[in-house]
Amino acid sequence: MQTKDDIRNHLEKRLKQEHAFWSFEKSSCQNLSDWNLIKYSLIHLDLNDINYLFQIFPKKFIKQVWLEELVPQGDFLISMNLCFALLYFGAKNPRQYVKSMETRQLNKRYERSIG
């Protein structure tokens, strides 16, 4: 059985192999926060690697990262978001769910920006 540290190291290694941090200063890639590990894994890694996230983080937390970081990107990540909605978050109508969550997240961002 792999430990949380083993899984985390594996995911960080895979992200580096996928050049997920090409635009980052090298020191900023050290000690990724849980949030960023989840975000970049969802964006850059395959389903086999993403499944590891669910072994070390609560589903609720992964979903929060997904909703706040990936869903608001709209059509740019639509295929990926539909896949996640269906496979991981049990959406019965993934397209409708993703669109409604996108609108909700964008409204939250707008409300925060106006104060």
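The values are calculated or read from the model by the stated rules, or taken from the named source; none is laboratory data. As the structure is a computational prediction, the values presented were derived from the model and not from experiment. Note that we place each Cβ from the backbone using ideal geometry, even for glycine, and neighbour counts take in every protein chain shown.
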Check your understanding: Among the candidates Leu106, Leu15, which residue alone is surrounded by 16 or more Cβ atoms within 10 Å (Cβ to Cβ) and either in contact with a Phe, Trp or Tyr (Cβ under 9 Å, 6 or more places away or on another chain) or assigned to a helix (DSSP H, G or I) (or both)?
Key -> Leu15
Review point. Does any residue of the range 27-39 turn out to be surrounded by 12 or more Cβ atoms within 10 Å (Cβ to Cβ), assigned to a helix (DSSP H, G or I) and small (Gly, Ala, Ser)?
Key: no
Review point. Restricting attention to the range 62-115, which residues are modelled with pLDDT of 95 or more, of a type in the set (Lys, Arg) and under 23 Å from Leu37 (Cα atoms)?
Key: Lys63
Check your understanding: If you take the residues of the range 57-77 that are in contact with an Asp or Glu (Cβ under 9 Å, 6 or more places away or on another chain), under 20 Å from Asn9 (Cβ atoms) and in contact (Cβ under 8 Å) with a residue 24 or more places away in the chain, which of them is surrounded by the fewest Cβ atoms within 10 Å (Cβ to Cβ)?
Key -> Phe61
